[in-house]
Amino acid sequence: MVRRGRPSAEVTLGPLELRELRARAGDADRPIAAQRARIVLACAEGRENTEIAEELGIDRDAVSKWRNRFMREGLDGLSDRPRPGRPPEIDADRVARVRAAASQPPPEGAVRWTDAALAERTGLSRASVGRIRRGAGSESGSQLGSESGSQSASESAAASGSAVPAADTGGVPAAQPASPEEDVAARRRGEQLRSAIFEAVFAQLDAVGYSRLTMEGVAAQARTGKTALYRRWPNKEALVADALQDALPSPTEVTPGQSVREDLLALLACMREAFESKHSAAFHAIQAEPGPGTDLVRAVVRRRVSDPCRRMILAALRRGVDRGEVEPRAATAEVANVGPAMLIYHRLTVRPDITDEYLATVVDEIVLPMIRPVTDQKSAR
């Protein structure tokens, strides 16, 4: 396929740059820096801006910006530039770090988070935490709250055993008594929390559709804090893409068989499983909406299922050549596309379900006759 437009600038990484970018890309406490690092790493793989933008769920111009900045200035170019007027004292990553800590229950024995406790938890200075809590402003109706003097009124009241006025809680979510459900959500970590979030994504897609889905709605559905989402995904596009990808089977998990026929049947069955995923209704609902959702689904399915399936079929054909099952000239990408293309055509134009009998027909009556060695074809006659 001929690419249109000017090709993207080539990015080459040295060993130290590669190590640093990989470390940044995996830093959940600095989501903005992590995303920029992922952009540059993808550029270094030789991928185009449009492809990277689709995968990360961001604008193509943003990819171009950080590609060019890195080309000119290296790692220093990935930092925010000073803006006109008074420079910001706290960057967005530090704000996100404080918000993430403040969304958790306060230390044992404490009624609410203090600047000192948040500073110890986040590794920031107490002065920085204080500026963030005073200046972060509101988000979805809640604030981080700030301290006044060495001890707030609520802390003084708690120390003396008197009641704490509701207006003096500082608006920190963790200061409120947690319900049993919130306690359970707070204890979830790692894969358990990730699975709950993905299930919440599909529940929200079924309820409100892709265009009206929000990070807040997913967080509420999963019974977790919004900060838990933003620590992992920069926006809803990246979150939905990961959820969709997680719901799909991966052809790379298919174990090679003893013959090319076994490999073809297994790989095409994996592709069928993707079509019949328990969340396939969500895939179709997104595609039915106008807007970027259709491109998102197409990119996820292509990246997770279609492209790996074609690559693995091609590898199976090459193994078949080594075993004498396949004509060497038939081990091509075009031939590897035939089986997947037949499944897609059948599902879109004939009927949505794909039976075992149809899979066998595609393999035995279409693909195998195409790839059989010439000597076998002559003897078959």
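The values are calculated or read from the model by the stated rules, or taken from the named source; none is laboratory data. All values reported here derive from a predicted model rather than from experimental measurement. All Cβ positions, even for glycine, are placed from backbone atoms using ideal geometry, and neighbour counts span all protein chains on display.
Structure notes:
- Selection status of residue 303, under 28 Å from the mean Cα position of the chain (by Cα), at negative phi, among the basic types (Lys, Arg) and part of a helix (DSSP H, G or I): yes
- Among the residues of the range 313-333, those identified as of a type outside the set (Lys, Arg) and within 18 Å of residue 366 (Cβ to Cβ) are 313, 314, 316, 317, 320, 325, 326, 327, 330, 331, 332, 333.
- Within the range 205-229, the set of residues being under 19 Å from residue 245 (Cα atoms), touching a residue at least 24 places away in the same chain (Cβ under 8 Å), not aliphatic (A, V, I, L, M) and not in a helix (DSSP H, G or I) comprises 209, 210, 211.
- Boolean, residue 66 is at pLDDT 80 or above and assigned to a loop (DSSP other than H, G, I, E, B): no
- The set of residues from the range 335-356 being of a type in the set (S, T, N, Q) and in contact (Cβ under 8 Å) with a residue 24 or more places away in the chain comprises just one member, 337.
- Test: residue in the range 195-204 that is part of a loop (DSSP other than H, G, I, E, B), surrounded by 15 or more Cβ atoms within 10 Å (Cβ to Cβ), more than 13 Å from the chain's Cα centre (by Cα) and at pLDDT 85 or above: no
- For the range 230-240, a residue qualifies if it is over 16 Å from residue 27 (Cβ atoms) and either assigned to a helix (DSSP H, G or I) or more than 11 Å from the chain's Cα centre (by Cα) (or both), and the qualifying residues are 236, 237, 239, 240.
- Scanning the range 329-381 for residues that are of a type in the set (Lys, Arg) and at pLDDT below 90, we see that the one that is nearest to residue 302 (Cα to Cα) is 347.
- Filter result for residue 354 (part of a loop (DSSP other than H, G, I, E, B) and under 30 Å from the mean Cα position of the chain (by Cα)): yes
- Among the conditions (1) within 18 Å of residue 364 (Cα to Cα); (2) modelled with pLDDT of 90 or more; (3) crowded, with 19+ Cβ neighbours inside 10 Å, residue 261 misses just one, which is (3).
- Set 256, 290: member being farther than 16 Å from residue 362 by Cα, at pLDDT 85 or above, in a loop (DSSP other than H, G, I, E, B) and outside the structural domain of residue 55 (by TED's automatic domain parsing): 256
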